[in-house]
Amino acid sequence: AYERRFPTCPLIPMFVASDTVNEYKSEDEAIHVIERRCKLDIDAPRLLKKIAGVDYVYFVQKNSLNRRERTLHIEAYNETFSNRVIINEHCSYTVHPDNEDWTCFEQSASLDIKSFFGFESTVEKIAMKQYTSNIKKGKEIIEYYLKQLEEEGITFVPRWTPPVACKSESSTSHPRRPVSPAINIPESATKEGLSNKEILNTSSSPSEPTAGTPDDKLDADYIKRYLGDLTPMQESCLIRLRQWLQETHKGKIPKDEHILRFLRARDFNIDKAREILCQSLTWRKQHQVDYILDTWNPPQVLQDYYAGGWHHHDKDGRPLYVLRLGQMDTKGLVRALGEEALLRYVLSINEEGLRRCEENTKVFGRPISSWTCLVDLEGLNMRHLWRPGVKALLRIIEVVEANYPETLGRLLILRAPRVFPVLWTLVSPFIDDNTRKKFLIYAGNDYQGPGGLLDYIDKEIIPDFLGGECMCEVPEGGLVPKSLYRTAEELENEDIKLWTETIYQSASVFKGAPHEVLIQIVDASSVITWDFDVCKGDIVFNIFHSKRAPQPPKKDSLGAHSITSPGGNNVQLIDKVWQLGRDYSMVESPLICREGESVQGSHVTRWPGFYILQWKFHSMPACATTNLPRVDDVLASLQVSSHKCKVMYYTEVIGSEDFRGSMTSLESSHSGFSQLSAATTSSSQSHSSSMISR
């Protein structure tokens, strides 16, 4: 499939032509090396091309295919302007070490601009633009040619075998799995995330079935049993996103089923899915949603007047939730409880839905990742269009859409009255397009006819109030007594109580304006602990010590100051006149933390005094040898448009006698993604000095 992009590829407009300059094949046909000179029409300003005196750029590409080891290595470098600009790119296709029927793809590149007629910065941006588009396009191109091969009837290529003369010699050796040779990839590229990794599922040989257990995430039976039908590329996306989470969210990994929901919600765009998943993980942690079913008891008013509840399952095995919205006094509930209590109750319903999906997956023996909701609008009137009630409904929809994507399998709206179009007009813009496609709306008694309720729910469990024979235990709702109404002040105080039950604080970090937290230590050998999530941008985490207290934050432009922003506070304590080494000292090495990472750690204090925890904006450093930005740093800088970072953090000081070197004894360790996590990990080793763990 890869070879089909030569001599030219219509999917790569800038790839104009290529000529073979060298080719080698071994006698046993196991090795095939081909070197080509490729002609590229770079998307660069006409003025720059005129100054450089070229219309096209030439690259040399060397492809080395080793059929014996089942590897394809690709090397490319620029021939044009090689004395001014040095570009090297390495790609490799290798066999996955855990599954011979999977292919791993790895890609890395380096850029060194020595001089370019004073346009070094422009060339750098052009190169980065071309490289990022190449990464995004590469997967699409290989899929295109794989599909082309399938259409031609080529779905399987036999593995290479030694010539007949060599068989007697090789028959004495023990069969073994092919081992891919090591690839020399710069450590910084792998560490900083420059390499672009793909995992592709190829056609498996019938004679080599893959055995596995439900714990083997590459096992086909596991995927079919718990995840459902996935294309090879969708499986690849799941594994890559899970690997990224394992590297950055130690001990807080959601189950595969939940990761898949976010991937499906963004059509398997990994970057978009990762963004909303990280935001949701942070939101769950901040509001302790994991524990809502165990720690929160709904007020009696909700239990009596909220006309909704779980009721068996539909014909597909999905849990069925029944909501008699027309019988519910939304205005009374909002006046008696406030929208925060209603929101929390809806969150508990969704958490219960996730639990029931897991149970039904086990019961029915097939993946069930969503539920069906039946909404009866009998009794809906203008009272339900009360503005604060609609506002509360819209906010609930917004929160649920962001944190429980792809959990609604089907929504059956029954007995829609004339006022329903008004409500639908207000609500529909806040509902995702994919979710809207799952809505089925019936007016009057249409649900009793063909294509109605019986197509989706067994006759035996249709609720009695819809003409069925099954007694439904969902509360009937009714008007909330006005004696239970509360004043705006009471509701406001209650709202604060509900949603400030979090031990985490939010802070904004700006370029040139770090966020700092002061901790006073009286007894040496105390332990400062921290737990924080980098919600946006990259930051540098520092710990300083000072014998004297910094000046209190002032809301002015001189010295230490404090900024309040919608995304969180920004407090600066270290005065500009202070000098490192004289007024304060660094007690831990700086720690660079990337967007999406979750960091926990501790520091055993050696002296009493004042300790300052600092989160600082991470500026991209220049390469030590060339004084030029690294490729991955430039890529990141092109994607980040603002100089603002967001951090959510928690700190605590405990006595050394209470510290065991493990976060398991701290309140902050309870931030694990418990309800959605397959497993959590923690350290039990004791440390006498500082400890930083990701």
For Ala392, are the conditions met, namely being surrounded by 15 or more Cβ atoms within 10 Å (Cβ to Cβ) and among the hydrophobic types (A, V, I, L, M, F, W, C)?
yes
Residue set Asn83, Asn66, Asn88; condition modelled with pLDDT of 85 or more and farther than 24 Å from Leu149 by Cα; output residue Asn88
Strands (runs of 3 or more DSSP E) within region 1-113 that include 1 or more residues among the hydroxyl-bearing types (Ser, Thr, Tyr) and open to solvent by less than 40 Å² (accessible area, probe 1.4 Å):
15-25, 57-66, 71-78, 85-96, 99-113
Answer with yes or no whether Lys437 is under 39 Å from the mean Cα position of the chain (by Cα), basic (Lys, Arg) and either open to solvent by 50 Å² or more (accessible area, probe 1.4 Å) or at pLDDT 85 or above (or both).
yes
Which of the residues spanning region 571-593 are crowded, with 17+ Cβ neighbours inside 10 Å and in a strand (DSSP E or B)?
Val571, Tyr584, Cys593
Could you say which residue among Leu218, Leu245, Leu241 is of a type outside the set (Ser, Thr, Tyr), at pLDDT below 60 and open to solvent by less than 50 Å² (accessible area, probe 1.4 Å)?
Leu218
Suppose we keep only residues that are of a type in the set (Phe, Trp, Tyr) and either open to solvent by less than 50 Å² (accessible area, probe 1.4 Å) or in a helix (DSSP H, G or I) (or both) within region 291-310. Which one would you say is nearest to Asp256 (Cα to Cα)?
Tyr291
Select from region 263-286 the residues that are surrounded by fewer than 22 Cβ atoms within 10 Å (Cβ to Cβ) and among the hydrophobic types (A, V, I, L, M, F, W, C) and list them in ascending order.
Phe268, Ile270, Ile276, Trp283
For region 594-619, which residues satisfy the criterion of being open to solvent by 30 Å² or more (accessible area, probe 1.4 Å) and either on the phi > 0 side of the Ramachandran plot or assigned to a loop (DSSP other than H, G, I, E, B) (or both)?
Arg594, Glu595, Arg606, Trp607, Pro608, Ser619
Looking at region 402-431 only, could you name the residues that are open to solvent by 50 Å² or more (accessible area, probe 1.4 Å), out of contact with any helix residue (DSSP H, G or I) (no Cβ under 7 Å at 6 or more places or on another chain) and part of a helix (DSSP H, G or I)?
Pro421, Trp424, Thr425, Pro429
Subset of region 432-451 [touching a helix residue (DSSP H, G or I) at 6+ places or on another chain (Cβ under 9 Å) and part of a loop (DSSP other than H, G, I, E, B)]
Asp432
When only residues in region 345-389 that are within 32 Å of the chain's Cα centre (by Cα) and part of a loop (DSSP other than H, G, I, E, B) count, which is surrounded by the most Cβ atoms within 10 Å (Cβ to Cβ)?
Ile368
Having 2 or more residues that are at pLDDT 85 or above and open to solvent by 50 Å² or more (accessible area, probe 1.4 Å) is the bar; report the strands (runs of 3 or more DSSP E) wholly within region 489-549 that clear it.
515-521
In contact with a helix residue (DSSP H, G or I) (Cβ under 9 Å, 6 or more places away or on another chain) and either without any contact (Cβ under 8 Å) to a residue 24 or more places away in the chain or within 29 Å of Asp229 (Cα to Cα) (or both), is that true of Ile349?
no
Can you name every residue in region 364-401 that is in contact with a helix residue (DSSP H, G or I) (Cβ under 9 Å, 6 or more places away or on another chain) and polar (S, T, N, Q)?
Ser369, Ser370, Asn381
Those residues of region 312-322 which are open to solvent by 10 Å² or more (accessible area, probe 1.4 Å) and in contact with a Phe, Trp or Tyr (Cβ under 9 Å, 6 or more places away or on another chain) amount to His313, Lys315, Asp316, Arg318, Tyr321
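The values are calculated or read from the model by the stated rules, or taken from the named source; none is laboratory data. As the structure is a computational prediction, the values presented were derived from the model and not from experiment. We place every Cβ from the backbone using ideal geometry, glycine too, and count neighbours over all the protein chains shown. Just so you know, the surface numbers come from the protein's heavy atoms only, side chains and all, with ligands and any DNA or RNA stripped out. Shrake-Rupley method; radii C 1.70, N 1.55, O 1.52, S 1.80 Å.
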